[in-house]
Amino acid sequence: MPSLKADLHVHTNESDGSLGVEETIRISLEKGLDILAITDHETTAGVEKAQILAKDTGLKIIPGFELSTYYKDQEIHLLGYYKDIENNRLQDKLNTLRNERTAITRHMVEKLNTMGLNVTWRAIEESASLNGVVSKSHIFYALWNNDTYNNRVNWEDLALWLKPGGMAYVPYEGNPFPEAVDFIYKTGGFPVLAHPGLIVDQTVIKDLLDYRPIGIEVYYGYWHDRDEKVAFYEKLAQRYGYMSTGGSDYHGFFSHIGIGDVLVPDTCIQTLKEYLEIDE
């Protein structure tokens, strides 16, 4: 068992999670976490709040975020970990990315409307944070919270419609993977390939890892054949000499994996802390 307990991939309602930062910190403390990374999509809005709430509790907050990127017709997610996020260049870029991704979500809503699911954009915006990207998760939230739709939505069909290749899916091509990797490095962060086992076309992974040295999220709970995939990506990380990370990818009440439920080895935690020059 690790001597340090960490979760390096957690979302709050500052992006597409269902829980606020306060509740996220409370659960993290109850679970006995030593280190928590807040990795909301295209925003760091919850990080400062988390750091204030965790002060003097013994829980260390690592600032981070998750980006949607694009490579060879594939949606690739990239985590960025930082010591300092007070950086105008970083924040300006995140703001641009939020606006671009929100526009894509609006296009998906327009497609759903033509398919007979007449949910309003206002309802979707109301389910999102003012500081975060409006994503397809907020479409689910808006429908879930509306009694008119809740009882007659086929949630499995909706999920399929909004997945890559689905009838209402619109690809986001505005953030090419190589540019996103470069951007994280240039703004003082460390990029990590998020949940590689969820990438549809596994043949692109070698290209992604060959571009520049990046980390790999090895310890993850959502994919099928979990133990087999963890073992595979452990070997891949060892072979290429990249940093390994892990986390729950927790989004809230509907998540199958809870905060702190994915064990992350001490070596991964210490390597990331040393790279970012984060003190105890």
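The values are calculated or read from the model by the stated rules, or taken from the named source; none is laboratory data. Fair warning: this is a prediction, and the values are worked out from it, not measured in the lab. Neighbour counts are summed over all protein chains in view; Cβ atoms, including those assigned to glycine, are modelled from backbone coordinates with ideal geometry. Just the protein is used for accessible areas: all its heavy atoms, side chains included, with ligands, DNA and RNA removed. Shrake-Rupley method; radii C 1.70, N 1.55, O 1.52, S 1.80 Å.
Below are the figures for this structure:
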{"quantity": "Cα gyration tensor shape for the stretch 114-165, rounded if a/c is under 1.5, else prolate or oblate", "calculated": "oblate"}
{"quantity": "Förster radius 45 Å - calculated FRET efficiency between Glu48 and Asn146, Cβ distance, rounded to 0.05", "calculated": "0.90"}
{"quantity": "Distant-in-sequence amide H partners of Ile257 (H built 1.01 Å from N, under 5 Å)", "calculated": "none"}
{"quantity": "Of all accessible heavy-atom area on the chain, the percent that carbon and sulfur account for (1.4 Å)", "calculated": "48 percent"}
{"quantity": "Accessible surface, per residue, of the chain when the full set of protein chains is kept, probe 1.4 Å, Å²", "calculated": "47 Å²"}
{"quantity": "Residue-span extension gain [Asn131 to Leu4] - 0.36 nm each, minus C-alpha spacing", "calculated": "42.6 nm"}
{"quantity": "Separation of alpha-carbon centers, the stretch 251-280 and the stretch 204-250, rounded to whole Å", "calculated": "14 Å"}
{"quantity": "Positive-end residue, the chain charge dipole about Cα centroid, Cβ charges, pick of Leu94, Ile52, Ile139", "calculated": "Ile139"}
{"quantity": "Listed residue pairs exceeding 27 Å between alpha carbons, taken from Lys55/Lys83; Lys235/Lys273; Lys163/Lys206; Lys5/Lys72; Lys31/Lys206", "calculated": "Lys5/Lys72; Lys31/Lys206"}
{"quantity": "Exposed-site-free run, longest, the chain (rule: trypsin sites (Lys or Arg not before Pro); DSSP loop; at most 13 other C-beta within 10 Å)", "calculated": "153-280"}
{"quantity": "Viscosity 0.890 mPa s, temperature 25 °C, Stokes-Einstein D of the stretch 50-141 from Kirkwood C-alpha radius, µm²/s", "calculated": "158 µm²/s"}
{"quantity": "Dimensions (Å) - the stretch 223-267, Cα atoms, principal axes, largest first", "calculated": "37, 23, 13"}
{"quantity": "Given the chain, longest segment not containing exposed loop chymotrypsin sites (Phe, Trp or Tyr not before Pro) (DSSP; at most 12 other Cβ within 10 Å)", "calculated": "1-252"}
{"quantity": "Area accessible to solvent at Thr57, 1.4 Å probe radius, in Å²", "calculated": "60 Å²"}
{"quantity": "For Ile76, distant residues with modelled amide H under 5 Å away", "calculated": "Thr69, Tyr70, Tyr71"}
{"quantity": "Positive dipole terminus of the stretch 136-280, leading residue within Phe190, Leu272, Tyr149 (C-beta point charges)", "calculated": "Tyr149"}
{"quantity": "In nm, spacing of pseudo-spin labels at Asp210 and Met167 (7 Å Cα→C-beta vector)", "calculated": "3.9 nm"}
{"quantity": "Span from the the stretch 1-59 Cα centroid across to the the stretch 68-127 one, whole angstrom", "calculated": "21 Å"}
{"quantity": "Under the Karplus curve 6.51 cos²θ - 1.76 cosθ + 1.60, θ = phi - 60°, whole-Hz ³J(HN,Hα) for the stretch 16-21, x wherever Gly or Pro sits", "calculated": "10, x, 9, 9, x, 4"}
{"quantity": "Other-chain or far-sequence residues with amide H under 5 Å of Tyr219's (modelled H)", "calculated": "Thr245, Gly246, Gly247"}
{"quantity": "At R0 = 22 Å, FRET efficiency that the Cβ-Cβ distance of His256 and Trp155 yields, to 0.05", "calculated": "0.90"}
{"quantity": "Calculated FRET efficiency for the pair Asp201/Asp266, C-beta based, R₀ 35 Å, to 0.05", "calculated": "0.60"}
{"quantity": "Among beta bridges that DSSP assigns inside the chain, antiparallel share in %, nearest 5", "calculated": "45 percent"}
